[in-house]
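Comments concern the structure below.
The values are calculated or read from the model by the stated rules, or taken from the named source; none is laboratory data. Computed from a predicted model, the values in this text were never measured in an experiment. Ideal geometry is used to build each Cβ from the backbone, glycine not excepted, and the neighbour counts take in all protein chains shown. Surface accessibility is based on the protein's heavy atoms, side chains included, excluding ligands, DNA and RNA. Shrake-Rupley method; radii C 1.70, N 1.55, O 1.52, S 1.80 Å.
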Amino acid sequence: KAVLRRLIDLDVNFIDTADAYGPEVSERLLGEVLYPYPDDLVIATKAGLERQGPGQWSPNGRPEHIHLACEGSLKRLRLESIPLYQFHRPDPKVPIEESIGAFIDLKEQGKIRHIGISNVTEEQLHRAQELTPIVSIQNRYNLMDRHSEYLIDLCDQEDMVFLPWGPLGDADAGP
């Protein structure tokens, strides 16, 4: 809790989290400690990945799951609208168009402001972009893992944000 309070003292204005972290712990802490939020703070959270236990992560891109996850995130974060809501990981059992469709529904309902995607290929990005504007990509990227470098260049060309996850390499945990 002290670390979260210190972020605000240091003028940090972007916090990235997910419903699967904890699960639900990081979102709950943000809501408990930082609410009411500074006007310039952008909270990004994600849906589409479930955590059953330590080291156990499963994609869940079903639209009904994404809708329920969003409702839970809004409640835990104490928000009326999530500034950046990201699709955590495409689900091989669900067409990406169906998953992104749920994000579009949530945006139309005013529950999210912007849509981002994570752990995607260029082809998956383009399929999502055919449906709606995508403002960010969050893929693994660090000194040892540069597989997403081409997406960084693409983000630059298309005026999108690239958010690296795992910037410390093997020192990072999670997907």
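Could you work out what % of the accessible surface of segment 1-154 is carbon and sulfur, using a 1.4 angstrom probe and leaving DNA, RNA and ligands out of the count?
On segment 1-154, the fraction of accessible area on carbon and sulfur atoms equals 53 percent.
Relative contact order (percent) for segment 6-160, with alpha-carbon contacts under 8 angstrom and 6 or more residues of separation?
That works out to 17 percent.
Taking the DSSP beta bridges in the chain as the whole, what percent of them are antiparallel, to the nearest 5?
15 percent
Estimate the FRET efficiency between Glu97 and Tyr35 by the formula 1/(1 + (r/R0)^6), using the beta-carbon distance for r and 41 Å for R0, to the nearest 0.05.
0.75
Per residue, how much accessible surface does the chain expose to a 1.4 Å probe? Answer in Å², no decimals. The partial results should precede the final answer.
Values: 9230 Å² over 175 residues.
With the other protein chains kept in place, the chain gives 53 Å² per residue.
Answer with a single label: of (i) 13.0; (ii) 10.1; (iii) 12.4, which was calculated as mean projected area of the Cα convex hull in nm² from the structure in view?
(ii)
Pull up all non-local amide H partners of His114: gap of 5 or more, or a different chain, and H-to-H distance under 5 Å with H placed in the peptide plane.
Here the answer is Leu84, Tyr85, since their amide H atoms fall under 5 Å of that of His114.
To the nearest 0.05, how large is the calculated FRET efficiency for Val3 and Glu123 if R₀ is 35 Å and r is the Cβ-Cβ distance?
Numbers: r = 38 Å, r/R0 = 1.09.
Taking R0 as 35 Å, the efficiency between Val3 and Glu123 is 0.40.
Report relative contact order for segment 110-150 in percent, whole number only (criteria: Cα-Cα under 8 Å, sequence separation at least 6). Numbers along the way, then the final one.
Values: 32 pairs, mean separation 16.5, N = 41.
Relative CO of segment 110-150 lands at 40 percent.
Apply the Kirkwood formula to segment 116-175: the hydrodynamic radius equals the inverse of the mean of 1/r over all pairs of different alpha-carbon atoms; give it in Å with one decimal.
Mean inverse Cα-Cα distance, inverted, gives 11.8 Å.
Once each part is reduced to its C-alpha centroid, what is the distance from segment 1-17 to segment 65-104 in angstrom?
Cα centroid of segment 1-17 versus Cα centroid of segment 65-104: 23 Å apart.
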